[in-house]
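Asker: I am attaching a structure below and will ask some questions about it afterwards.
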Amino acid sequence: MKAHKVIVIGDFGVGKTSLIRRYVLDVFSDQYRATLGVHLYKHSDIVPIDGTEQQVKLVLWDIEGAPLPGEQMMRYSLGASGAIVVGDLTRPDMIEPMRRAADMIEARLPGRPIGFAFNKHDIAPAPDDSNIAALKDRYGALITCTSAKTGDAVPNLFRDLTARIIGGKGGAV
Amino acid sequence: MRQPINPNFERMRLEAERQRLAELEERSGTLREMLESQVEAARKSNDALKAENAALKSALEAQANSGGAKAAELEARCEALAAELSERLAAERQHQAELKALSASLRSQAESERTTAAAFEARCEALNAELAVQAENDAEAHAKLESLRNALTAEAEGAQNKAALLELEIKQLTDRITEVDIAAYEPERLRTIITPALTSALREAGQESPDEMANVIAPHILKTVKTEILNSEQELVEAIHPRLGVLIKMAVTKAVEDLNRKVDNALPVDRWIAAAKGRITGAPAAGWLLEDGNTFIVKEAMLIERQSGVLLASERSEMDVNNASPDEDLMAGMIAALQGFASEAYGATGAGDLRRFSFTEDTVYLRGTPTKLLALRCSGVAPPEVEARVDELLEIAMERMNGDGHGDVLMIDDFNKPDVAETGGASGSKIVAGVLGAVAAVIALIWGHSAVTNAHESRWISKIEQAIAEDDQLGPYPLSVSREDNDSPILVSGLVPNAAALKALEDRINWSASPFDIELNIALVSEVNR
């Protein structure tokens, strides 16, 4: 079974590692440890694709946080089948860094599905509908409010993105 | 006698008669008039009746004419009523039949209820009889309970007395504790009190149950020593530095001695093989003799998509298939990330590509094309031609990938064979040279045997190490497994807590299945204590 590479990118401390650890290991720690370089996680899951459940294998690349996508992030993103852009709902200016990261993915990985994860939904409300609609229109992306702490919507985010990767729907909704 | 006639009277009577007659005549005339008027009225009435009669007659005739239609309507209505009545009658009959059936069913139900009631009655009688017997038994139980209660009451009184005694004892103990507590604040006094007691208790315990003492304190001592070594690394180095030089000198001397002994003790056939290998490869024969103990094996080959790090194909050596290995998908990602980092840092011309790095005890050889990476995870001492062989395997893998893209693209067990150079067809191996072909085949056979023997040895050493690791009580104790040379047994040496742990370890080792001699050189902590 071929493994699919999924990159997880976003600013420092938005919860990229926490989201992956919640999905892969079903654990959460509130101790912040910055990721240096890249961490790799492997996870097998069963995902409903076109009405049938399929066994899939994902290699998740947890790339170190940066406010702007740099050379390192671009290098690590090569060959990815899909990407998750993570933002922190508690930060007022979270949308712009997410847009830039998504622009980088569109430029380097055209046609790959993108998922926007608005994290820390357990302590902050969802973004405005206008922002969500704008992101959907612009990138045709999955948009999910997640909480790595409670696990809310985390598996669905990864499964929906995987379904898009395998279903071949690309970035279009 | 007849009374004489009175003429006056007679006259008077006649007069009255005459008057009366006149009245009658007058009255008769009135009546006549009345009659006449009545007759006239009757005649008028008769005429009126006649006219009325004629009118009625004509009305009746008219009515008789319209009577026919009404009669037909009435007849139809009568027929409809008759039909309705007949339907109602039929329904009524059916209803009656149903009522009869219902009545029959109710009757049978009543019969069954009656039977059930009779059965219940019988059951009630039986239960009554049982209750009567139980009541008798209850009376006995009650009596028993009564006697039990009396016994318990007596016991409770005894317990109360005991509690009073215990309270007294507690009071005395509390006083003692208070004294000890006071003493605890005076360390000198406390030491004076407890030192003799502790010394005596430890001595007794050491004499009476040395094994138990060893079990209890040995793990703590070992843990403490390990922690102290870690915490005082610098001091330790300084402290042992003078001694370390001597130890290193001794170790080097021993290694040289081992080397000499190994060369001296090698079987004639081993020497002959080493000499042949030396002749063929140009490497010293002694080097081949030593290398046999650490044969080069390609444990795993991975073909990786360069950019994404996705594993395209992988293969593990049959010689390594029983050992634990790192997750190949994660390793593929890591290798791609490392290679990407190196290329990024030193340029994408290929000059910056990693060609080899160490991973745990293994060495990973890397070769890349612009789109693919070949990674070989190897162990053992690498022969001089390994780099060329890696290039050849990448070439073979690429050729196979460019073909149908299916099936085995790597074939590392072919690679592990000494004649892989021929398969690649690119390297100038000396093995294929003319007359030496037959000799090389024999060497390859013996070499292969040697490799298999070494693989067996590694597997058995791993099995024994696993048996040690699976035993929880051996966790903190220093134990090692090794084999000095091909003629030596596998040696298990170190320290275990007691004889029982040693026995458990012996039981875990499957002696009879081992193709090698296994020797235990293990000390017991309990023995060491003595």
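The values are calculated or read from the model by the stated rules, or taken from the named source; none is laboratory data. Here the structure is a predicted model, which is why all the values come from computation and not from measurement. So basically every Cβ, Gly included, is an ideal-geometry build from the backbone, and we count neighbours across all protein chains shown.
Asker: Just to be sure I understand, how many residues within the range A:27-51 are outside any strand (DSSP E or B), within 14 Å of chain B (Cβ to nearest Cβ) and either surrounded by 14 or more Cβ atoms within 10 Å (Cβ to Cβ) or among the polar types (S, T, N, Q) (or both)?
Answerer: Of the residues in the range A:27-51, 1 are outside any strand (DSSP E or B), within 14 Å of chain B (Cβ to nearest Cβ) and either surrounded by 14 or more Cβ atoms within 10 Å (Cβ to Cβ) or among the polar types (S, T, N, Q) (or both).
Asker: Name the pairs whose Cβ atoms lie under 8 Å apart, with the first residue in the range A:46-65 and touching a residue at least 12 places away in the same chain (Cβ under 8 Å), the second of a type in the set (Phe, Trp, Tyr) and part of a strand (DSSP E or B), and 6 or more positions between them or separate chains?
Answerer: A:VAL59/A:TYR41; A:LEU60/A:TYR41; A:ASP62/A:TYR41
Asker: Have a look at A:ALA102, A:ALA83 and point out the one that is farther than 21 Å from B:LEU373 by Cα, within 14 Å of another protein chain (Cβ to nearest Cβ) and not β-branched (Val, Ile, Thr).
Answerer: On the way: A:ALA102 fails: within 14 Å of another protein chain (Cβ to nearest Cβ).
Selected residue: A:ALA83, the only one of A:ALA102, A:ALA83 that is farther than 21 Å from B:LEU373 by Cα, within 14 Å of another protein chain (Cβ to nearest Cβ) and not β-branched (Val, Ile, Thr).
Asker: Here is a further query. Surrounded by 10 or more Cβ atoms within 10 Å (Cβ to Cβ) and not assigned by TED's automatic domain parsing to the domain that holds B:ILE194, is that true of B:ALA143? Explain how you work it out, then say what you get.
Answerer: Working: surrounded by 10 or more Cβ atoms within 10 Å (Cβ to Cβ): yes; not assigned by TED's automatic domain parsing to the domain that holds B:ILE194: yes.
Considered against the rule, which asks whether it is surrounded by 10 or more Cβ atoms within 10 Å (Cβ to Cβ) and not assigned by TED's automatic domain parsing to the domain that holds B:ILE194, B:ALA143 comes out as yes.
Asker: Inside the range B:318-331, can you point out the residues that are surrounded by 21 or more Cβ atoms within 10 Å (Cβ to Cβ) and either more than 10 Å from chain A (Cβ to nearest Cβ) or at pLDDT below 85 (or both)?
Answerer: B:MET319, B:ASP320, listed by residue number.
Asker: Among the numbered criteria (1) of a type in the set (Val, Ile, Thr); (2) surrounded by fewer than 22 Cβ atoms within 10 Å (Cβ to Cβ); (3) within 11 Å of chain B (Cβ to nearest Cβ), which one does A:VAL24 miss?
Answerer: (3)
Asker: Test A:ILE9 against the stated conditions and say whether it is within 21 Å of B:MET334 (Cβ to Cβ), part of a strand (DSSP E or B) and more than 14 Å from chain B (Cβ to nearest Cβ).
Answerer: Yes: the conditions hold for A:ILE9.
Asker: Taking into account only those residues within the range B:339-364 that are within 10 Å of another protein chain (Cβ to nearest Cβ) and modelled with pLDDT of 75 or more, which is surrounded by the fewest Cβ atoms within 10 Å (Cβ to Cβ)?
Answerer: Only one residue tops the list, namely B:PHE341.
Asker: Being touching a residue at least 24 places away in the same chain (Cβ under 8 Å), under 30 Å from B:VAL525 (Cβ atoms) and assigned to a helix (DSSP H, G or I), is that true of even one residue in the range B:172-194?
Answerer: Pass one, the range B:172-194, residues touching a residue at least 24 places away in the same chain (Cβ under 8 Å): none.
The answer is no; no qualifying residue exists.
Asker: Among the residues that make up the range B:512-522, is at least one of them modelled with pLDDT under 80, hydrophobic (A, V, I, L, M, F, W, C), outside the structural domain of B:LEU394 (by TED's automatic domain parsing) and under 46 Å from the mean Cα position of the chain (by Cα)?
Answerer: yes
Asker: So, in the range B:455-501, of the ones that are assigned to a strand (DSSP E or B) and among the small types (Gly, Ala, Ser), which residue ends up nearest to B:VAL381 (Cα to Cα)?
Answerer: Checking each candidate, the answer is B:SER482.
Asker: Take the residues in the range A:52-76 that are assigned to a loop (DSSP other than H, G, I, E, B) and away from chain B (no Cβ under 12 Å); name whichever of them is farthest from A:GLU96 (Cα to Cα).
Answerer: If we filter the range A:52-76 for residues that are assigned to a loop (DSSP other than H, G, I, E, B), which is where we start, we get A:64-70.
This time we only want the ones that are away from chain B (no Cβ under 12 Å), so: A:65-69.
On the way: A:GLY65: 15, A:ALA66: 13, A:PRO67: 9, A:LEU68: 10, A:PRO69: 12 Å.
By that ranking, first place goes to A:GLY65.
Asker: Let me ask something additional. I'd like the full set of residues that are touching a residue at least 24 places away in the same chain (Cβ under 8 Å) and of a type in the set (Val, Ile, Thr), limited to the range B:311-335.
Answerer: B:ILE335
Asker: For the range B:482-511, how many residues meet the condition of being of a type in the set (Ser, Thr, Tyr), more than 22 Å from B:ASP211 (Cα to Cα) and at pLDDT 80 or above? Steps first, answer last, please.
Answerer: First pass over the range B:482-511, keeping only residues of a type in the set (Ser, Thr, Tyr): B:482, B:488, B:493.
Right, trim to more than 22 Å from B:ASP211 (Cα to Cα) and you get B:482, B:488.
Cutting the leftovers down to at pLDDT 80 or above gives us B:482.
The qualifying residues number 1.
Asker: Additional query: Quick check on the range A:42-52. Is at least one of its residues more than 23 Å from A:ARG164 (Cβ to Cβ) and small (Gly, Ala, Ser)? Give the steps one after another, and end with the answer.
Answerer: Quick first cut of the range A:42-52, residues more than 23 Å from A:ARG164 (Cβ to Cβ) only: none.
For the range A:42-52, residues more than 23 Å from A:ARG164 (Cβ to Cβ) and small (Gly, Ala, Ser): absent.
Asker: Before we move on, is A:ASP160 acidic (Asp, Glu), free of Cβ contacts under 8 Å to residues at least 24 places away in the same chain and either surrounded by fewer than 16 Cβ atoms within 10 Å (Cβ to Cβ) or under 19 Å from A:HIS43 (Cα atoms) (or both)?
Answerer: The answer is no for A:ASP160.
Asker: Here's another thing I want to ask about it. Restricting to the range B:283-317, and then to whatever is within 13 Å of chain A (Cβ to nearest Cβ) and in a loop (DSSP other than H, G, I, E, B), can you tell me which residue is modelled with the lowest pLDDT?
Answerer: Residues of the range B:283-317 within 13 Å of chain A (Cβ to nearest Cβ): B:302-314.
Now restrict to residues that are in a loop (DSSP other than H, G, I, E, B): B:306-310.
Values: B:ARG306: 84, B:GLN307: 81, B:SER308: 84, B:GLY309: 87, B:VAL310: 86.
Only one residue tops the list, namely B:GLN307.
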